[in-house]
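I have placed the structure first, in the form of structure tokens, so that the comments after it can refer back to it.
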Amino acid sequence: MQGATYVIRRKMAECKNRRWKIFTLFLAGLFVLTCYTFSACVTSIQNQMLRKNDYRQSFSRHLTSQTNPTIHNLNPRANGNHYGSNRPCQPLDSAVTTYTILNKQDRHVLGSLLHLKLTTRNRTGSPRTCGGDFFQAKLFSPKLNASTAGKIVDHQNGTYSISFLLGWTGRAFLSVTLVHPREALQGLRKVRETPNTGYLFNGTFYDHKEVLDEQKCYSSYEDGFDNEEDYCSYTKPKANVSFWCRRPKKKNVGCEQLAFVVSDLASKDKYDEANGKLLNEEEWLYFRKGQYFQVEIAAEDGMNEVIVVQKELVSCAKPLGLTSGSIRDAQLSASSAVPGYEAHRARLHGQRAWEPASKNTSQWLQIDLKVPKVITGIQTQGLWGGMVPAYHLMVSDDGQTWTKGSETFDGTEDGISITEEALAPPVVTRFFRIFAAASDLPRLRMELLGCDQASQFRDNYVPQTFLHQHGPPPGLPPCGPNLPVSQSEGYFYQDVWYSTACRAASWLTRPYVETCLRNRTVLLQGDSTVRQLAGELETLLGARDHYRCQDYKEEVEGRYPESLRLYVWTGPIAVCQKLDKKVVLQFRFHHFPVRAGSQVELANLRTIVYKLNTIHPGENAVVLLSLWAHFTDDPLEQFEARLWAIRAAIEKLHRRAPQTLVIFKSPNVRDQLYLSKVLMSSDWLAYDMWRRLKEIMAGLNVAFLDIWDMSACHHSVPQLHPAKEVTTNAIALLLSYICPM
């Protein structure tokens with residue numbers, strides 16, 4: 001009996017344990033299910049918040065993921081972008097930020113590099129420990145119309161390296177400009193990444209007879225644009241083009257009747273007000289001109305100029321004896337002199353100076369060197385407030401027949417400092433005259449620089465006043481895709497651009513242009529800066545031998561009433577050669593955003609992707625693209641999405657027609673006349689877009705027509721459409737890509 005009871009109890013215990021295990025498993029399963037559901041809910045809420053608050057999640061990845069699998073995964077932004085980083089740092093003080101020449105010499109060698117160190121400091125004068133500021137630098141010689149841009153490296157510790165290629169001889173001046181401190185760049189990024197804070201658009205719904213309705217339009221995505229009851233979508237998913245308008249309020253007017261779009265250029269005050277809400281008072285401070293914006297940085301030791309000579313002349317720059325006295329008093333004479341200020345007083349650092357008795361420009365000081373010598377430079381100095389602000393030279397071998405120099409040199413600006421000028425090319429002479437420019441108190445002390453090897457110099461010296469004088473430097477690759485990184489893009493000399501990135505033409509003649517473009521179709525698409533090049537190419541082809549085989553302006557003439565104020569420069573504009581039509585040149589604007597003050601016909605626009613997809617293998621096409629001026633105030637990732645679509649189209653084009661040359665034209669520096677223009681189109685915004693474009697197009701067989709440095713260092717006033725001296729040189733460089741040397 002007891003055994004039976006034991007068995008029953010054991011069975012009951014086993015059942016109880018089994019039920020407990022089942023119950024435990026049930027609870028565990030329920031717990032897992034609850035956690036999974038909770039996690040999914042949290043993830044969903046997070047995603048909804050991201051979609052609501054982050055524009056990038058709303059447009060670019062959403063759009064690309066639905067269109068073309070080759071552009072689905074947007075590459076992460078490169079870590080190398082140091083501009084606008086958010087690392088904590090004390091603000092820069094431009095008044096105590098300075099630069100210094102690292103490889104300072106009395107004479108620098110033509111073709112070498114000049115190295116600068118820029119040190120940023122805070123308001124206490126202490127060096128900063130972070131970078132991220134935006135500078136521009138150039139080296140220039142105004143009288144030679146010579147200039148070059150400096151290459152700037154940010155070391156992320158408050159210091160910057162700046163290097164210049166020394167491309168011409170003579171006296172050259174340095175300019176380093178703070179365009180934006182890092183704090184201003186953070187403000188620019190903040191404004192840029194907020195959709196539709198810049199230009200807006202007005203859309204006109206039209207039925208070919210009358211205006212039916214007008215509504216606001218937008219080029220950047222915002223929450224709610226997917227609501228078809230309130231908005232019309234004009235996006236082009238295959239090209240990642242985005243555009244929306246408010247749905248017409250009037251009955252029987254549909255989205256398909258949108259015909260024209262015009263930029264809301266009258267919204268400047270509203271724009272300033274909107275950005276006044278985006279940027280706080282401290283952020284606005286960093287756009288103050290003269291303190292944080294476009295500020296000239298001083299040299300630490302006051303030395304902002306250099307002398308550049310040929311390598312053969314580096315050692316030929318010794319004082320010839322005026323200061324030391326080895327040139328005797330009897331060797332100096334003058335046209336006239338004030339008593340006590342005779343010719344022999346004109347010695348550098350002397351207690352007196354030469355002062356002519358007359359104040360006219362025919363007064364001269366003469367030095368007889370006794371034997372011919374090589375003169376490579378002149379040092380001048382005033383005395384006690386008297387000075388010679390400018391002068392010119394004459395030389396003679398016999399003291400009877402004189403040769404006048406063509407250049408007027410800068411003299412002194414005070415009575416203490418010494419001004420040095422290099423003679424390029426140097427002169428070999430015995431008699432030397434300096435003619436003083438008119439001055440209220442012309443007083444001159446001076447020294448001649450040079451050497452004695454006159455005969456050897458005359459026999460062996462080959463003058464070279466600029467780097468390309470005898471042809472491109474050896475080792476330069478032909479212009480084309482995949483160029484190696486160069487120390488400099490090039491330099492201007494006498495307003496001619498000489499490329500140091502590749503072998504490029506420095507001339508433009510009509511026969512050269514026609515020969516290069518013969519049997520080619522040149523397709524230019526983008527903004528008005530590339531249309532400017534198209535117009536100049538058309539002029540170079542010669543008006544008598546070409547005609548416009550397609551002209552949108554003529555096509556729409558009379559089609560719409562003048563009251564619409566139609567923008568007729570979107571193209572297509574095509575130019576054909578009359579003789580066998582061997583050259584075809586065509587321009588067309590890119591698709592929205594198009595910021596024009598007149599009505600743009602929507603049906604006339606074509607995307608770049610569409611145009612690339614229509615190029616045939618046998619067309620022998622050259623494609624020049626320019627995308628920047630109309631994108632600077634839209635979120636960067638929207639621009640990136642457009643580029644990824646273009647990249648995919650180029651890949652398809654090169655599989656179909658591998659010989660097609662595709663070239664991207666860079667932005668150029670432009671005017672920054674008022675604050676709203678700075679916020680919408682700062683040079684940094686364009687520079688940053690160009691950086692991203694090159695990163696996205698990396699690995700493709702495409703070329704980059706980089707004219708940024710060309711526009712940044714030229715002496716003309718910066719403007720959206722650069723001066724003719726810049727665009728003419730840009731075309732010469734372009735033709736060197738089409739027809740490599």
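Coordinate-derived values only; no laboratory data. This is a predicted model, so every value here is computed, not measured. Cβ sites come from the backbone with ideal geometry, for glycine too, and all protein chains shown count toward neighbours.
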First select every other residue whose beta carbon is under 14 angstrom from the beta carbon of residue 101; then total the charges, Lys and Arg +1, Asp and Glu -1. -1
In whole percent, what relative contact order does the chain give with Cα contacts below 8 Å and a gap of six or more residues? 13
Ranked 284, 168, criterion: other C-beta atoms within 10 Å, fewest first: 284, 168
CD proxy at 222 nm, helix term only [per DSSP H run n ≥ 4: -39500 (n - 2.57); per residue of the chain; nearest 500]: -8000 deg cm²/dmol
Where does each of 336, 711 land when they are ranked from fewest to most other beta-carbon atoms within 10 angstrom? 336, 711
Could you tell me what percent of the DSSP beta bridges with both partners in the chain are antiparallel, to the nearest 5? 80
According to the square roots a ≥ b ≥ c of the eigenvalues of the Cα gyration tensor, what is the shape class of the range 444-603, taking rounded for a/c under 1.5, prolate for a/b larger than b/c otherwise, and oblate for the remainder? prolate
Classify the range 324-447 as rounded, prolate or oblate, taking a ≥ b ≥ c as the square roots of the eigenvalues of its Cα gyration tensor: rounded when a/c is under 1.5, otherwise prolate if a/b is larger than b/c and oblate if not. rounded
In Å and whole numbers, how far do the C-alpha atoms of the chain stretch along each principal axis, longest first? 145, 86, 49
Based on Cβ point charges of +1 for Lys and Arg and -1 for Asp and Glu, what charge dipole magnitude is obtained for the chain about its Cα centre, in debye rounded to the nearest 20? 2980
Kindly work out what percent of the DSSP beta bridges joining two residues of the range 493-738 are antiparallel, to the nearest 5. 30
The distance between the Cα centres of the range 475-490 and the range 196-271, in whole Å, is 44
Can you name the helices of the chain, as whole DSSP H runs, whose Cα span along the helix axis is 27 Å or more and whose Kyte-Doolittle mean is not below 0.0? 2-53
Burial ordering of 354, 507, fewest other beta-carbon atoms within 10 Å first: 507, 354
Which of the three applies to the range 493-738, rounded, prolate or oblate, going by the alpha-carbon gyration tensor with a ≥ b ≥ c and a/c under 1.5 meaning rounded? rounded
